[in-house]
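So the structure is just underneath, and the comments pick up after that.
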Amino acid sequence: MAAASGFATSVAGVKTMESLILKTCSSSTNYSLSQFRVFCKPIVNNRRIVKRGVSLNPRCDVVSAESLDLENKNDARASSVSALEQLKNSGVDRYSKEKSSIVVVGLSVHTAPVEMREKLATPEAEWPRAIGELCGLHHIEEAAVLSTCNRMEIYVVALSWHRGLREVTEWMAKTSGIPASELREHLFILRDNDATQHLFEVSAGLDSLVLGEGQILSQVKQVVKVGQGVPGFGRNVSDLFKRAITVGKRVRTETNIASGAVSVSSAAVELALMKLPATSLPTTRMLVIGAGKMGKLVIKHLVSKGCTQMVVVNRSEERVALIREEFDSADIIYKPLTEMITCASEADVIFTSTASDTPLFMKEHVEGLSPVGADVGGLRLFIDISVPRNVGSCVSELDNAKVYNVDDLKEVVAANKEDRHRKAMEAQVIISDESKQFEAWRDSLETVPTIKKLRALVEGIRVSELEKCLAKMGDDIPKKTRRAVDDLSRGIMNKILHGPMQHLRCDGSDSRTLGETLENMHALNRMFSLETDISIFEQKIRAKTEQSQK
């Protein structure tokens, strides 16, 4: 009932806004209601996932169709003032009212099928290129990419969050080849504190298919490692991911959430054992394709379950040799990729975990393989934990094979869920604390432009008055005297500024101190007219637009 009431109120608000705009525009321009598109955006006080552009309790921005065309194209401005300009002139200028926002746009195993995720999957080597392209967009200042088998998430610092959101969505559609309308059905969008909390939950393993799994923390660390030195992986995004690493470590240390939890690789092994006859493990022929991190974990869990022999197919033997040394209790046989089909014909269960962009197994590769014995169920099992997938979905059409991918691991994950959820509640306390500290740190950055403007203002006054003083003293003043007068004026300036500067600085850890600091900032802005200049965000957007047009 509350949600319905909120929605009704929002609709009423939209109608009111429509009537106001029509009244505003009727005097100078012949607009009709059909020329306006109403876009509903979520209020972010409460965390929510936005799908298909619909959200309960929305905040609606009304933008004329002509204004949208002006934003998308470099057409000449109409002589009459547009509805958008009238709204801006009336005080609804977003650039002067909002600070830059941290926004995450993405999809995960919870919102999108593997068929869509694999089209958006971005290899680690491509992350710097993606960051560069994203930061080349007009309203994106910083960016980071987190792409794993279970998620593809883009984190940006947007100068205008709604415009930045549109640009990122269009970029994702262009990169993946998926129509934007189809993509939006599966995207989740979170902003500022909600985006921060989401990344912290991801790093802590709370958003993983396997609650508490540890591999995601390594992947978050890799984002920071790859981003170092990459233009566009800026201060806000860098500090966000570094704090997320701290959160991931704290949660695992203080809640012990990882104990008893399984990784994607161990869940894959568990799934295979669930599908095999109970007593068939000693005779089941295991094949692991790929000896990277995921493949090594598969081998580790197979050995822990009592598997004593397996074949590992890999591009080179070096990695397999190292794995063989680590798990010397099992007979691990290396085979090159050229013998993959032959090895598959001799295997009952096949685990695939390679970074191949194209499927390793299609229907024509599998239908000619030798049959599997009845003692292991009569079906050849393909457990594919790669994204993009290594096994084509067409293989499932065969009567003698069964294919499972990462989306099928939910059956395994259901085990021990209650215990891990209790630990997840403990983890949320840590995440909330760290999230508040990060947001406080970001808020404290608001004072930086004021500090710079105030110092520049006073420095300009100092230099002007110094020049007047020296001119009165004549041209024959010794350099030593000039330097002494300059030092005197600089010292006076620094002494006077010391108090205000101290009251504009805080580390963001004390909410009371932060609140006082922001009050001081607004007071100084008013007293010295530091806000009369064009918005810093609009300056940045203009600079980016001019740069892209060169």
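The values are calculated or read from the model by the stated rules, or taken from the named source; none is laboratory data. Every value quoted in this text rests on a predicted model; they were computed, and no experiment measured them. Here Cβ is always computed from backbone atoms with ideal geometry, including for glycine, and neighbour counts include all displayed protein chains. Note: accessible area is taken over every heavy atom of the protein model, side chains too, but ligands, DNA and RNA are not part of it. Shrake-Rupley method; radii C 1.70, N 1.55, O 1.52, S 1.80 Å.
Some values worked out for this structure:
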{"item": "Segment residue 410-residue 126, extension gain: residue separation times 0.36 nm, minus the distance between their alpha carbons", "result": "99.3 nm"}
{"item": "Estimated vicinal HN-Hα couplings, Hz - the stretch 286-300 in sequence order (Karplus 6.51, -1.76, 1.60; Gly, Pro = x)", "result": "9, 10, 10, 10, x, 10, x, 4, 5, x, 5, 5, 4, 4, 4"}
{"item": "Net length gained if the chain between residue 115 and residue 455 were fully extended (0.36 nm per residue, minus Cα distance)", "result": "116.9 nm"}
{"item": "Accessible area expressed per residue, the stretch 318-475, with surrounding protein chains retained (probe 1.4 Å, Å²)", "result": "52 Å²"}
{"item": "Theoretical FRET efficiency, 1/(1+(r/R0)^6), r = Cβ-Cβ of residue 256 and residue 356, R0 51 Å, to 0.05", "result": "0.90"}
{"item": "Rounded to whole Hz, the Karplus (6.51, -1.76, 1.60) HN-Hα couplings of the stretch 456-461, x for glycine and proline", "result": "5, 4, 5, 5, x, 5"}
{"item": "Contour minus Cα-Cα distance for residue 304 and residue 342 (0.36 nm per residue)", "result": "11.0 nm"}
{"item": "Cross-link pairs 242/453; 242/300; 296/335; 221/293; 242/436; 275/423 - those with Cα-Cα distance over 18 Å", "result": "242/453; 242/300; 275/423"}
{"item": "Rounded if a/c under 1.5, otherwise prolate or oblate - the stretch 345-469, Cα gyration tensor axes", "result": "oblate"}
{"item": "Rounded accessible area per residue of the stretch 229-292, 1.4 Å, Å²", "result": "39 Å²"}
{"item": "Rounded percent of accessible protein surface that carbon and sulfur make up, the stretch 341-453, 1.4 Å probe", "result": "52 percent"}
{"item": "Inter-centroid distance (Cα atoms) of the stretch 183-233 relative to the stretch 104-175, Å", "result": "12 Å"}
{"item": "FRET efficiency for residue 274 and residue 445, using Cβ-Cβ distance with R0 set to 30 Å, rounded to 0.05", "result": "0.05"}
{"item": "Per-peptide average of other Cβ atoms within 10 Å, ordering 472-481, 245-254, 294-303, 448-457 highest first", "result": "294-303, 245-254, 448-457, 472-481"}
{"item": "Amide H within-cut-off set for residue 190, under 5 Å, with H built and near neighbours excluded", "result": "104"}
{"item": "Amide H contacts under 5 Å for residue 143, placed H, 5+ residues apart", "result": "157, 233, 234"}
{"item": "Calculated FRET efficiency for the pair residue 436/residue 490, C-beta based, R₀ 41 Å, to 0.05", "result": "0.55"}
{"item": "Most to least packed among 136-146, 223-233 [average Cβ atoms within 10 Å]", "result": "136-146, 223-233"}
{"item": "Burial ranking of peptide ranges 431-438, 517-524, 274-281 (average Cβ count within 10 Å, highest at the top)", "result": "431-438, 517-524, 274-281"}
